[in-house]
Amino acid sequence: MNGIDKLLANPGVGFEANDDSEAAFDYCMERGWSDGLPVVLPTAERVERMLQYCDRPYDEPIVMIPPRYGAATPLRLAANAVMAGCKPEYFPLVMLAVEAMAEEPFNLYGIQATTHPCAPLIIVNGPVAQELGMNSGHSALGAGNRANATIGRAVRLALVNIGGAIPGIGDMSTYGDPTKFSYCAPENEAGNPWNPLHVEKGFPAHASTVTVVAAEPPHNVNDHESHTAVGILTTIAGTIAITGANNTYYASEPVVLLCPEHAATIAGDGFSKQAVKEFLFEHGRVPLGKFSKENIARRFRSKLADKYANASLDTMVSMVQRAEDFLVVVMGGAGKHSAYIPTFGNTHAVTRPLRHADGQLVKSIAEMRRS
Amino acid sequence: MTLKLCVTPEAPVAAAESIALQQRGSSSGIRFGILDNSKSNADHLLQFLLDTARDALPVEHVIARRKPAASRPAEAGVIDDLAREADFVLSAMAD
C-alpha cells in the first residue's frame with residue numbers, strides 16, 4: 001500500500017462511509033465536499049490506484065491553496081481526483097495544474113476569493129493530451145470528454161475542499177459562472193499554423209505542459225463572412241473592445257481563442273502570431289468617452305491618472321498593457337467561431353511542464369506509472 | 001450496508017487557530033487593526049466601524065493598513081505588522 005494504510009491511521013485523514021452511489025453522494029454533499037453533482041466515494045482502494053501515477057511522498061504538501069491555505073498533499077489531491085471521476089493516468093495533470101496555480105504571478109488568493117466570476121482555465125499542450133484522449137476539437141470546452149471534464153473538475157474540487165473556496169465564504173464571486181464546474185481542454189496543435197502555446201512559452205515541442213489562466217467564460221466571435229486576416233481580426237478586435245473587463249485596468253493576459261479555420265485564414269495571409277497580437281492591441285480599443293462618467297472620474301482620472309489624468313474623451317483605451325499580453329490559442333473543430341476570453345485583473349498565466357522527480361521532461365504518461 | 005475506508009478530500013485550517021489563541025488577552029485595552037482592501041468606500045466603512053467600536057469598547061491603539069490593490073493579497077510585511085500590533089483585525093470589502 002506504499003504507506004497509505006499508515007497515513008489513514010492518522011486523525012482526520014480517513015473516514016468510513018457507505019459506498020452505495022446515492023449514499024456516498026449524500027454523505028459528501030452534507031460535508032460540503034461536492035460541486036453539487038454526484039461524486040465517486042474516495043475509497044482507500046481508489047485513491048491508491050490514483051497514486052500509482054504519483055512519484056512524490058503522499059503526505060507532503062506540494063503547495064498550499066488559499067484562502068484557507070490548506071495543504072495540498074498528493075493524498076488529498078488524489079481523493080479529489082477520485083471524486084471528480086478521473087482515471088488514474090489523469091492525475092499527473094491534476095497535480096501539475098494545482099502547482100501552476102500556486103505560483104505567485106497567477107495570484108490564486110485573489111482568484112479564489114474575488115467577486116469576479118473567474119475560474120482557472122487549464123490549457124494542455126504536448127503529446128500527453130493525445131495520449132489521454134483529450135478533446136481539442138469540436139466542443140473542446142464543452143461536455144463529453146472524460147479527461148477534459150474530470151481533470152478540470154478535480155482541480156475545482158481541490159480548490160474548494162483543500163483551499164476553502166466555498167461559495168459565499170471563501171469564494172465571493174458575485175454570481176459565479178459555469179466554468180467553475182470544469183474548464184480544461186488541450187490546444188488543437190494540429191490545427192495551429194504557428195508554434196503551439198507551450199513552444200511559444202519556451203518549452204520544447206515534445207514537452208507536455210499545462211497553462212493556467214484566470215479566465216471568464218468564452219465570448220463567441222462569429223465571423224462567417226470575412227475571408228482575410230484583416231477581416232477576421234477586425235471582427236475579433238470589435239469583440240475585445242468592451243467597457244466592463246478587468247483587463248482594461250489591471251495587468252493580465254486574456255485569451256484569443258482561434259478556431260482552426262480562422263487561424264488558417266489569418267496565417268495564410270502572412271500574419272505571425274505576434275502580428276495577430278499587435279493588430280488586436282492596436283484595433284481592440286475603446287474611446288475613453290464610451291466609459292461611464294463615474295468610471296472616467298473615479299478610475300481613469302484618479303487610479304490611472306498617469307495615463308488618463310488629462311486625456312481627451314476620444315483617447316483610445318487599450319484592453320491590455322502590451323500586445324504580448326494576448327494569449328493566442330487554437331482550439332476547436334470545423335466552423336468559423338472563435339472566442340475572446342477576458343480574465344481577472346492582476347494575474348498572469350503560468351505554464352508548467354510535466355517532469356519526473358529527477359527533473360526530466362515526461363514523454364509519456366505511461367512511463368509515470370509505478371510498477 | 002458495507003462501510004468502506006476512505007480518504008478525506010478536505011484540508012484543515014490549523015494556522016489561524018493557533019494565532020488566535022496566542023493573541024487573546026495580550027493587552028489591557030484593545031489593540032485594533034484595520035486592513036483596507038482599497039475598494040471604493042472601504043475606508044468609509046472601516047472608519048464608521050472603528051468609530052462605533054470606540055464608543056463601546058476600550059480601544060487602546062489602532063493600526064491601519066491599506067492594500068495597494070483589492071485583487072492582491074496583503075504583503076507579508078503588512079500581515080506581520082497587524083499580527084504583531086493588533087489583537088484582532090477588521091478587514092472590509094466595499095464598493
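Brief remarks on what is shown
- Odd one out for A:G144, checked against (1) touching a residue at least 60 places away in the same chain (Cβ under 8 Å); (2) away from every other protein chain (no Cβ under 12 Å); (3) among the small types (G, A, S): (1)
- Residues that are closer than 18 Å to A:V128 by Cα and either within 12 Å of chain B (Cβ to nearest Cβ) or surrounded by 21 or more Cβ atoms within 10 Å (Cβ to Cβ) (or both), drawn from the stretch A:89-114: A:Y90, A:F91, A:P92, A:L93, A:V94, A:M95, A:L96, A:A97, A:V98, A:A100
- Considered as a group, the residues in the stretch A:1-25 that are within 20 Å of A:G164 (Cα to Cα) and surrounded by 15 or more Cβ atoms within 10 Å (Cβ to Cβ) include one that is farthest from the other protein chains (Cβ to nearest Cβ), and that residue is A:F25.
- In the stretch A:26-35, residue nearest to the other protein chains (Cβ to nearest Cβ) [restricted to those that are outside any helix (DSSP H, G or I) and touching a residue at least 24 places away in the same chain (Cβ under 8 Å)]: A:W33
- Test result for A:R56, within 28 Å of the chain's Cα centre (by Cα), farther than 22 Å from A:A102 by Cβ and surrounded by fewer than 16 Cβ atoms within 10 Å (Cβ to Cβ): no
- Residue ID - nearest to A:P218 (Cα to Cα), chosen from residues in the stretch A:343-371 that are surrounded by 21 or more Cβ atoms within 10 Å (Cβ to Cβ) and within 14 Å of another protein chain (Cβ to nearest Cβ): A:T343
- Residues that are touching a strand residue (DSSP E or B) at 6+ places or on another chain (Cβ under 8 Å) and of a type in the set (D, E), drawn from the stretch A:83-139: A:E99, A:E103
- Total residues in the stretch A:40-67, condition at the interface with another protein chain (Cβ under 9 Å from one of its Cβ atoms) and over 19 Å from A:L8 (Cβ atoms): 4
- Qualifying positions in the stretch A:112-147 - in a helix (DSSP H, G or I) and more than 24 Å from A:G202 (Cβ to Cβ): A:Q112, A:A113, A:R146, A:A147
- If you check A:A275, A:A267, A:A311, A:A263 for being among the aliphatic types (A, V, I, L, M), outside any helix (DSSP H, G or I) and in contact with a helix residue (DSSP H, G or I) (Cβ under 9 Å, 6 or more places away or on another chain), only one passes: A:A311.
- Residues in the stretch A:283-305 that are in a helix (DSSP H, G or I), of a type in the set (D, E, K, R), in contact (Cβ under 8 Å) with a residue 40 or more places away in the chain and away from every other protein chain (no Cβ under 14 Å): A:K290 alone.
- Of all residues in the stretch A:229-240, none are modelled with pLDDT of 95 or more, within 27 Å of A:P92 (Cβ to Cβ), β-branched (V, I, T) and touching a Lys or Arg at 6+ places or on another chain (Cβ under 9 Å).
- If you filter the stretch A:70-88 down to residues that are over 20 Å from the mean Cα position of the chain (by Cα) and not in a helix (DSSP H, G or I), you find that the one that is surrounded by the fewest Cβ atoms within 10 Å (Cβ to Cβ) is A:A71.
- Evaluation of A:E253 against (1) part of a helix (DSSP H, G or I); (2) crowded, with 19+ Cβ neighbours inside 10 Å; (3) touching a helix residue (DSSP H, G or I) at 6+ places or on another chain (Cβ under 7 Å) (one fails), failing number: (1)
- Condition check for A:T150: at the interface with chain B (Cβ under 9 Å from one of its Cβ atoms), farther than 16 Å from B:E10 by Cα and touching a residue at least 40 places away in the same chain (Cβ under 8 Å): no
- The stretch A:224-244, residues that are crowded, with 21+ Cβ neighbours inside 10 Å and closer than 20 Å to A:H116 by Cα: A:I240, A:A241
- Inter-residue pairs, beta-carbon under 8 Å, first under 14 Å from A:E104 (Cβ atoms) and in the stretch A:64-75, second aromatic (F, W, Y), 6+ apart: A:P66/A:Y109
The values are calculated or read from the model by the stated rules, or taken from the named source; none is laboratory data. All figures in this text were calculated on a predicted structure; none of them were measured in a lab. Cβ atoms come from the backbone with ideal geometry, glycine included; neighbour counts cover every protein chain shown.
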